[in-house]
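Asker: Handing you a structure now.
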Amino acid sequence: MTEQFQMQSVPLRLGDAAPDFEARSTHGPIKLSSFRGRWLIFFSHPADFTPVCTTEFVALARHADKFDTLDCALLGLSVDSLHSHLAWIRAIEDRFGVNIPFPIIEDPSMAIGRAFGMIDENSTDSATMRTSYFIDPKGIIRATTSYPHNVGRSVEEMIRMVSALQMAENKNILTPEGWQPGDDVLSLPPLTSTEARNEEDWLCHSIKAP
């Protein structure tokens, strides 16, 4: 673990650099900074062999090709041991016939969870570790989602989020509510009153996606 994990837990905000770490995973030792150069969804779950998280992992595995198309890696985390992760993966394969293609890292001391602000320094369990971090190729947190233990995440929304972030980032435009790839986008609003007067539909100006 890196030295920064000794500091007090502080919730991370959009625009913060994701704290680097090195930990054991189902794919061998993993360092977060090794994902630089591509998008990454780093997501946590409170424990292995839980019903809701199992459905999420199955869905993520079945949509792995869509994340690959977006050049977006997936990285899971829970407090359970590496041996528990391996047993869970095997159980998922036996029950649902899918292989989990992405690594799952162990965090038995909850050091990574605390470094990312998922849980505070006084937490005694991982019940609140249900957060997803959307990290850009430079290692900057661009979006986060948090769910309670009894409500599953939407994998389709995770894919949409990455697609929208990439579109807005690369094309210098905005994506409206419910935007899907192929939909119209929004142009950036004017920066001066003169520009606003010269544009008839400046408030929500839809344009074809670049």
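The values are calculated or read from the model by the stated rules, or taken from the named source; none is laboratory data. Just so you know, these numbers come straight off a predicted model, no measurement behind them. Note that we place each Cβ from the backbone using ideal geometry, even for glycine, and neighbour counts take in every protein chain shown.
Asker: Tally up the residues in segment 26-58 that are under 25 Å from Phe96 (Cα atoms), of a type in the set (Gly, Ala, Ser) and surrounded by fewer than 18 Cβ atoms within 10 Å (Cβ to Cβ), please.
Answerer: Residues that pass the stated criteria total 2.
Asker: Okay, moving on. Within segment 66-84, can one find any residue that is modelled with pLDDT under 95, farther than 20 Å from Asp16 by Cα and among the β-branched types (Val, Ile, Thr)?
Answerer: Taking every residue of segment 66-84 in turn, at least one turns out to be modelled with pLDDT under 95, farther than 20 Å from Asp16 by Cα and among the β-branched types (Val, Ile, Thr).
Asker: Restricting attention to segment 87-103, does a residue exist that is assigned to a helix (DSSP H, G or I), over 14 Å from the mean Cα position of the chain (by Cα) and within 20 Å of Val162 (Cα to Cα)?
Answerer: Within segment 87-103 (the criterion being assigned to a helix (DSSP H, G or I), over 14 Å from the mean Cα position of the chain (by Cα) and within 20 Å of Val162 (Cα to Cα)), the answer is no, since none of the residues qualifies.
Asker: Please enumerate the residues belonging to segment 177-205 that are at pLDDT 75 or above and either surrounded by fewer than 13 Cβ atoms within 10 Å (Cβ to Cβ) or aliphatic (A, V, I, L, M) (or both).
Answerer: Once the filter is applied, which keeps residues that are at pLDDT 75 or above and either surrounded by fewer than 13 Cβ atoms within 10 Å (Cβ to Cβ) or aliphatic (A, V, I, L, M) (or both), segment 177-205 yields Glu177, Gly178, Gln180, Gly182, Val185, Leu186, Leu188, Cys204.
Asker: Shifting gears a bit: Quick check on my filter: what residues within segment 58-75 are in contact (Cβ under 8 Å) with a residue 12 or more places away in the chain and either more than 17 Å from Phe134 (Cα to Cα) or touching a Leu at 6+ places or on another chain (Cβ under 8 Å) (or both)?
Answerer: Val58, Ala59, Leu60, Ala61, Arg62, Ala64, Phe67, Cys72, Ala73, Leu74, Leu75
Asker: Could you look through segment 12-60, keep only residues that are part of a strand (DSSP E or B) and over 25 Å from Met167 (Cα atoms), and pick out the one that is nearest to the chain's Cα centre (by Cα)?
Answerer: Ser44
Asker: From the list Ile104, Ile119, Ile100, which residue is crowded, with 19+ Cβ neighbours inside 10 Å, within 19 Å of His149 (Cα to Cα) and modelled with pLDDT of 95 or more?
Answerer: Only one candidate qualifies: Ile104.
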